[in-house]
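Student: There's a structure below that I have some questions on.
The values are calculated or read from the model by the stated rules, or taken from the named source; none is laboratory data. All values derive from a computational prediction rather than experimental measurement. FYI the Cβ positions are ideal-geometry reconstructions off the backbone, even for glycines, and counts take in every protein chain you see.
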Amino acid sequence: MNDVNRRVLPGFRLSLGYTLAYLGVLVLVPLAACFSKAATLPFDRFWAAVSTERAIAAYELTVGASLVSAAINVVLGVLVAWVLVRYEFPLKRLVDSLVDLPFALPTAVAGLVYSSLYVESGWLGRFLVPLGIQAAYSRLAIVLVLVFVGFPFVVRTLEPVLERIDADIEEAAACLGATRLQTVTRVIFPSLYPALVTGFALSFARALGEYGSVVFVSGNMPFKTEIAPVLIVARLEEFAYAEATAIAVVLLVISFSVLVVVNLLERWSKRVYA
Amino acid sequence: MSITVKQVSKSFGSFRALEHVSVEVAGGSLVALLGPSGSGKTTLLRIIAGLEVADSGTVLYEDEDVTDAAVKDRNVGFVFQHYALFRHMTVFENVAFGLRVRRWPRKRVKERVGELLRLIQLDALAGSYPSQLSGGQRQRVALARALAPEPKVLLLDEPFGALDAKVRQELRQWLRRLHDEIHVTSVFVTHDQEEAFEVADRVVIMNHGHVEQTGTPREIFERPANPFVMDFLGNVNVFHGHVVRGRMKAGSLEVDYPAHPHDEPRPATAFVRSHELDILRTPNGRSSLEGKIMHLSPAGPVVKARVFAADFGIVLNVDVPRDRYAELGLEVGDTVYVAPRDVRVYLQDYII
Amino acid sequence: MSTPEKTNPRSDPRWVRVALIAAALGVIGVLIVIPLVDVFVEAFGRGLGAYWQTLTGDADTQAAIRLTLTVAPIALALNLIFGIAAAWAISRFRFPGRTLLTALIDLPFSVSPVVAGLIFVLIFGLQGYLGPWLRAHDWRIIFATPGLVLATTFVTFPFIARELIPLMEAIGADEEIAAASLGASGWQLFRRVTLPNIKWGLVYGIILCNARAMGEFGAVYVVSGHITGRTDTMPLRVEKLFQEYNTPGAFAVASLLASLALVTLAVKTALEWKTRRDLAEAARLRSEGDAA
Ligand SMILES: Nc1ncnc2c1ncn2[C@@H]1O[C@H](COP(=O)(O)OP(=O)(O)OP(=O)(O)O)[C@@H](O)[C@H]1O
Ligand SMILES: [Mg+2]
């Protein structure tokens, strides 16, 4: 089809040329600049910059909080997707569109409101703080807001897969003597695994880079509640560009690895299950 | 184990899918549910399995009333038209599923699955995933999976519907042999009459949520209970006329109809199967119709002739045996006489 | 007579359904509804007059609103042109590296916004690769509007393209080939054949892109330099007011952004219904065509 289209339809060179140029100028060259800037740093200085105790604490917190929040999102996502696909209840349509709010709501707004909800005088904090649960200016606060930010990913990757599970699969399981619980755990969930992995990874990747919302709620205390993007900004504000860049490179490498792993997993699951 | 369906009705909204359906399936027999699309075959099968709840009526397995029993407690094997295999499980795990949920010991699971895989001749593919199998192989796996927990009854919904003609042919003969070996009471749905007649001990013909006729293939073929069955079996020629004083008359066609000896004529319809018509070069005294050959298709074991009968203004389908065709030297355009050997007459009232 | 739940193997027992629905509503409530309501309650808590005063009485807030309304449309326009060009090239032609190109378009999604800001500082900042040259010509990019536009464009880069590519692939090139063979020029082809087919997908991409562009925080935070009244966009203004303990002010600006999010969601939902209806319609027409 390529030759035919190229002969018949106009604009191949123009559109591809423009796409490549734009992608290059806006995305590839700047990203390359980041890596080349990091590369100008002698290795021991690079290593020193990325391996300070403060930086390591920040990676640990970033990755840890992102993992925890993505895991929570998997549980919540399965629940919500299941309910939205399988059951009927009043206001279902509204609830369904609200799931996307974290995609549409600016992260600064999310951060602002989460910080005010969980302080002692806030709507939710007034119940939680007396119980000793500090969900503002703490690691818990970071996890909470990351759960919010990544919430739609699992739901939205799961929904179409759940919809596509044929009725006869479940009926077959029941005919073979499975209880409802056995059908759900042995037949339905396993067929969701690929989508769950994708949803988890998307939510995790989003959480890794998140800045706007976390900066409001975490308190940003070095070693305690400082995530890697906040540390980058702190370094920048000290005009320590090289250090900031070094940490940024670490963050980029982590994110890209997640991306690659997800793609490999998807390809693998397509091969096995398709 | 026998199955008894008594007076079962089922509606979807205002649509009556089954109305007072009663069916008996003798223990160890293989019964086909045959009927046009939408006639309620699947619905009946699903009610027998417990996948659907009847609005009224009862279902018995042997003497036990299972109308209200949940599917998983009925111990039925069900084979779905589109296989419904578990895609994330290997062939082995698919077949083992029913045993694992029943907590069979590992060793027995392995033995039983091995046995079944040999039965369906797929032991070499135990480790494959369903996506790696052909349609016919998948359906065999589905059958093995249904048979693994030793079900009391086996229900199959158009098991070969999604397969191509050749595989279908092979599999249905294989199903018959398999049934002869294991003798589990089986009901299968089909809308392919050849399949039903070739495989089943008894055939139940359904239409519009009713049972039209039940019988052995031979009974049904030789004594269709009513015009619907006759027509459904296909390849019939239809003549409209009337009966009066014990005779049915339709143009130059006349046959006895002793069931109506009365003086007042009643509209009636005569059905003649295409293989029950003879072609003659000259009228031979028997009741016959003059016609002109319009088309001959000599492919297959019989030659199919289309003969235009000017008196009736209709085209008759006639199956001519090969040797007879050669003997007469038929050509398109020839004038011939068509004589029915067997005519079935139904009074018009009975036609739906 | 048995209950359907008992026999229908696909439906869960009533108590399970009720419990799961309650749990899901609880999750949505705590995670999404309460925060959303809280934004507006905090914003309007002291009355409509005070709210209005907070928004209009503050020149810096006004400037932030104006800046956002400048930056976002520019970023949107840039990505719109790019999205159409990329979708045209990728969906209508086959060329080596096509899969890689498609993957690269998604790249900005996996770059932390802070890093996205940083890379532009590294190029255009005072100590960046082009910094000295820019200073010699007295051009400012970082800590000025162009920097904000660049950073915003980067983070919203994939939205429109990734909406259009699958859509145009699904539609196929038949109509366009037909039009081209009838002698339509490139522009006529696009205006009269392509655009009508993709318009809803385009709108969908645009609203998502716009929501992100107006709401972007991390990337613009890094390049803005926080010059009050000059380089603060609305989300940055929220943060500054928050830092200054001007909570009512912060929530007032936040309520504008939250309203934008609600409008986005409403349009998005409406478009999804429409597409679903169109698809059902198309399927119906097709099956009728088959039956005929
Ligand atoms: N779950 C359902 N909801 C509504 N109507 C249904 C449902 N199941 C079946 N029907 C209707 O009941 C009628 C009988 O359906 P059934 O599936 O039993 O027919 P069938 O004989 O198996 O046909 P086919 O040969 O096409 O499979 C059909 O008209 C169908 O539309
Ligand atoms: Mg059916």
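Student: Tell me, yes or no, whether segment A:188-196 has at least one residue that is facing another protein chain (nearest Cβ under 8 Å) and within 20 Å of the chain's Cα centre (by Cα). Even if it seems obvious, please write down each step before you answer.
Tutor: Within segment A:188-196, the subset facing another protein chain (nearest Cβ under 8 Å) is A:190-191, A:193.
Within this subset, residues satisfying the condition of being within 20 Å of the chain's Cα centre (by Cα) are A:193.
Yes, there is a match, as at least one residue in segment A:188-196 is facing another protein chain (nearest Cβ under 8 Å) and within 20 Å of the chain's Cα centre (by Cα).
Student: Going by the conditions given, is B:Val79 within 14 Å of chain A (Cβ to nearest Cβ), surrounded by fewer than 21 Cβ atoms within 10 Å (Cβ to Cβ) and within 16 Å of ligand 1 (Cβ to nearest atom)?
Tutor: Numbers: within 14 Å of chain A (Cβ to nearest Cβ): yes; surrounded by fewer than 21 Cβ atoms within 10 Å (Cβ to Cβ): no; within 16 Å of ligand 1 (Cβ to nearest atom): yes.
Considered against the rule, which asks whether it is within 14 Å of chain A (Cβ to nearest Cβ), surrounded by fewer than 21 Cβ atoms within 10 Å (Cβ to Cβ) and within 16 Å of ligand 1 (Cβ to nearest atom), B:Val79 comes out as no.
Student: Would you mind telling me which numbered condition in (1) more than 9 Å from chain C (Cβ to nearest Cβ); (2) surrounded by 21 or more Cβ atoms within 10 Å (Cβ to Cβ); (3) at pLDDT below 95 A:Ser116 fails?
Tutor: Status for A:Ser116: all satisfied but (1).
Student: Output yes when any residue across segment B:135-147 is more than 26 Å from the chain's Cα centre (by Cα) and in contact (Cβ under 8 Å) with a residue 12 or more places away in the chain, and no when none is.
Tutor: Looking only at segment B:135-147, we keep the residues that are more than 26 Å from the chain's Cα centre (by Cα), and these are none.
No, that holds for no residue.
Student: Please go through segment C:60-97 and give me each residue that is loosely packed, with under 15 Cβ neighbours inside 10 Å and either of a type in the set (Lys, Arg) or in contact with a Pro (Cβ under 9 Å, 6 or more places away or on another chain) (or both), ordered by number.
Tutor: Within segment C:60-97, C:Arg66, C:Arg94 qualify.
Student: Another question, then. Test of understanding: among A:Gly11, A:Gly64, which residue is surrounded by 14 or more Cβ atoms within 10 Å (Cβ to Cβ) and at positive phi?
Tutor: Details: A:Gly64 fails: at positive phi.
Result: A:Gly11 is the single residue among A:Gly11, A:Gly64 that is surrounded by 14 or more Cβ atoms within 10 Å (Cβ to Cβ) and at positive phi.
Student: Out of B:Arg138, B:Arg46, I need the residue that is within 13 Å of chain A (Cβ to nearest Cβ), part of a helix (DSSP H, G or I), within 23 Å of B:Leu171 (Cα to Cα) and within 16 Å of ligand 2 (Cβ to nearest atom). Which one? Spell out how you get there, then give the answer.
Tutor: Numbers: B:Arg138 fails: within 16 Å of ligand 2 (Cβ to nearest atom).
Of the residues listed, the single one that is within 13 Å of chain A (Cβ to nearest Cβ), part of a helix (DSSP H, G or I), within 23 Å of B:Leu171 (Cα to Cα) and within 16 Å of ligand 2 (Cβ to nearest atom) is B:Arg46.
Student: May I pose another question? Out of B:Ala49, B:Ala54, report the one residue that is within 15 Å of ligand 1 (Cβ to nearest atom) and within 23 Å of B:Ala196 (Cα to Cα).
Tutor: Being within 15 Å of ligand 1 (Cβ to nearest atom) and within 23 Å of B:Ala196 (Cα to Cα) holds for just one of B:Ala49, B:Ala54, which is B:Ala49.
Student: Would you call B:Glu52 surrounded by fewer than 17 Cβ atoms within 10 Å (Cβ to Cβ) and either within 29 Å of the chain's Cα centre (by Cα) or touching a residue at least 24 places away in the same chain (Cβ under 8 Å) (or both)? Show your work before the answer.
Tutor: On the way: surrounded by fewer than 17 Cβ atoms within 10 Å (Cβ to Cβ): no; either within 29 Å of the chain's Cα centre (by Cα) or touching a residue at least 24 places away in the same chain (Cβ under 8 Å) (or both): yes.
No; evaluated as a whole, the condition is false for this residue.
Student: Give B:Gln193, B:Gln213 a once-over and let me know the one that is within 27 Å of B:Asn226 (Cβ to Cβ), away from ligand 2 (no atom under 16 Å from the Cβ) and of a type outside the set (A, V, I, L, M).
Tutor: Numbers: B:Gln193 fails: away from ligand 2 (no atom under 16 Å from the Cβ).
Only one candidate qualifies: B:Gln213.
Student: Check segment B:264-287 and report whether any residue there is touching a Gly at 6+ places or on another chain (Cβ under 6 Å), under 17 Å from B:Val343 (Cβ atoms) and surrounded by fewer than 13 Cβ atoms within 10 Å (Cβ to Cβ).
Tutor: Within segment B:264-287 (the criterion being touching a Gly at 6+ places or on another chain (Cβ under 6 Å), under 17 Å from B:Val343 (Cβ atoms) and surrounded by fewer than 13 Cβ atoms within 10 Å (Cβ to Cβ)), the answer is no, since none of the residues qualifies.
Student: Follow-up question, since we're still on this one. If we scan segment B:1-16, do we find a residue that is assigned to a helix (DSSP H, G or I), within 14 Å of ligand 1 (Cβ to nearest atom) and within 30 Å of B:Phe228 (Cα to Cα)?
Tutor: Step one: of segment B:1-16, the residues assigned to a helix (DSSP H, G or I) are none.
The answer is no, given that none of the residues of segment B:1-16 is assigned to a helix (DSSP H, G or I), within 14 Å of ligand 1 (Cβ to nearest atom) and within 30 Å of B:Phe228 (Cα to Cα).
Student: All but one of (1) closer than 25 Å to B:His20 by Cβ; (2) touching a His at 6+ places or on another chain (Cβ under 9 Å) hold for B:Asn235; state the number of the condition that does not hold.
Tutor: Answer for B:Asn235: the failing condition is (1).
Student: Assess whether C:Thr99 counts as being more than 10 Å from every other protein chain (Cβ to nearest Cβ) and either modelled with pLDDT under 95 or on the phi > 0 side of the Ramachandran plot (or both).
Tutor: Numbers: more than 10 Å from every other protein chain (Cβ to nearest Cβ): yes; either modelled with pLDDT under 95 or on the phi > 0 side of the Ramachandran plot (or both): yes.
Against the criterion (more than 10 Å from every other protein chain (Cβ to nearest Cβ) and either modelled with pLDDT under 95 or on the phi > 0 side of the Ramachandran plot (or both)), C:Thr99 qualifies.
Student: Looking for something in contact with a Pro (Cβ under 8 Å, 6 or more places away or on another chain), closer than 30 Å to B:Asp231 by Cα, within 14 Å of chain A (Cβ to nearest Cβ) and among the β-branched types (Val, Ile, Thr) - is there at least one such residue anywhere in segment B:85-93?
Tutor: Within segment B:85-93, not a single residue is in contact with a Pro (Cβ under 8 Å, 6 or more places away or on another chain), closer than 30 Å to B:Asp231 by Cα, within 14 Å of chain A (Cβ to nearest Cβ) and among the β-branched types (Val, Ile, Thr).
Student: Further, regarding this structure: Of the numbered conditions (1) in contact with a Pro (Cβ under 9 Å, 6 or more places away or on another chain); (2) within 15 Å of ligand 1 (Cβ to nearest atom), B:Asp157 fails exactly one; give the number of that condition.
Tutor: Failed condition: (1).
Yes/no matrix, rows are residues, columns are (1) surrounded by fewer than 19 Cβ atoms within 10 Å (Cβ to Cβ); (2) touching a Leu at 6+ places or on another chain (Cβ under 7 Å); (3) part of a helix (DSSP H, G or I); (4) of a type outside the set (A, V, I, L, M, F, W, C):
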{"residue": "C:Ile141", "(1), (2), (3), (4)": "no, yes, no, no"}
{"residue": "C:Leu148", "(1), (2), (3), (4)": "no, no, yes, no"}
{"residue": "C:Thr153", "(1), (2), (3), (4)": "no, yes, yes, yes"}
{"residue": "C:Ile165", "(1), (2), (3), (4)": "no, no, yes, no"}
{"residue": "C:Ala179", "(1), (2), (3), (4)": "no, yes, yes, no"}
{"residue": "C:Arg192", "(1), (2), (3), (4)": "yes, no, yes, yes"}
{"residue": "C:Trp200", "(1), (2), (3), (4)": "yes, yes, yes, no"}
{"residue": "C:Gly205", "(1), (2), (3), (4)": "no, yes, yes, yes"}
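Student: Has segment A:123-137 got any residue that is within 13 Å of chain C (Cβ to nearest Cβ), under 20 Å from the mean Cα position of the chain (by Cα) and in a helix (DSSP H, G or I)?
Tutor: No, that holds for no residue.
Student: On to the next question. Could you figure out which of (1) more than 16 Å from ligand 2 (Cβ to nearest atom); (2) within 14 Å of chain A (Cβ to nearest Cβ); (3) of a type in the set (A, V, I, L, M, F, W, C); (4) outside any helix (DSSP H, G or I) isn't true of B:Ala225?
Tutor: (2)
Student: Name the residue that is farthest from ligand 2 (Cβ to nearest atom), counting only residues in segment B:153-176 that are within 19 Å of B:Val25 (Cβ to Cβ) and in a helix (DSSP H, G or I).
Tutor: Quick first cut of segment B:153-176, residues within 19 Å of B:Val25 (Cβ to Cβ) only: B:153-159, B:172, B:175-176.
Within this subset, residues satisfying the condition of being in a helix (DSSP H, G or I) are B:172, B:175-176.
Details: B:Arg172: 17, B:Leu175: 18, B:Arg176: 21 Å.
It comes out as B:Arg176.
Student: Search segment C:274-292 for residues that are closer than 21 Å to C:Gly201 by Cα and pair each with any residue that is at pLDDT 80 or above when their beta-carbon atoms are under 7 Å apart and the residues are at least 6 apart or on different chains.
Tutor: Matching pairs, first to second residue: C:Lys274/C:Trp200; C:Thr275/C:Trp200.
Student: Something else about it: Picking from A:Ser255, A:Ser191, A:Ser203, which residue would you name as being in contact (Cβ under 8 Å) with a residue 24 or more places away in the chain and in contact with a His (Cβ under 8 Å, 6 or more places away or on another chain)?
Tutor: Values: A:Ser255 fails: in contact with a His (Cβ under 8 Å, 6 or more places away or on another chain); A:Ser203 fails: in contact with a His (Cβ under 8 Å, 6 or more places away or on another chain).
After applying the criteria, what remains is A:Ser191.
Student: How many residues, within segment B:1-27, are over 16 Å from B:Leu60 (Cβ atoms) and either in contact with a Cys (Cβ under 8 Å, 6 or more places away or on another chain) or crowded, with 23+ Cβ neighbours inside 10 Å (or both)?
Tutor: Here the count works out to 1.
Student: Look through B:Leu30, B:Leu34, B:Leu60 and report the one residue that is closer than 22 Å to B:Asp201 by Cβ, more than 14 Å from chain A (Cβ to nearest Cβ), more than 16 Å from ligand 2 (Cβ to nearest atom) and crowded, with 19+ Cβ neighbours inside 10 Å. Spell out how you get there, then give the answer.
Tutor: Values: B:Leu34 fails: more than 16 Å from ligand 2 (Cβ to nearest atom); B:Leu60 fails: crowded, with 19+ Cβ neighbours inside 10 Å.
One residue alone meets the criteria, B:Leu30.
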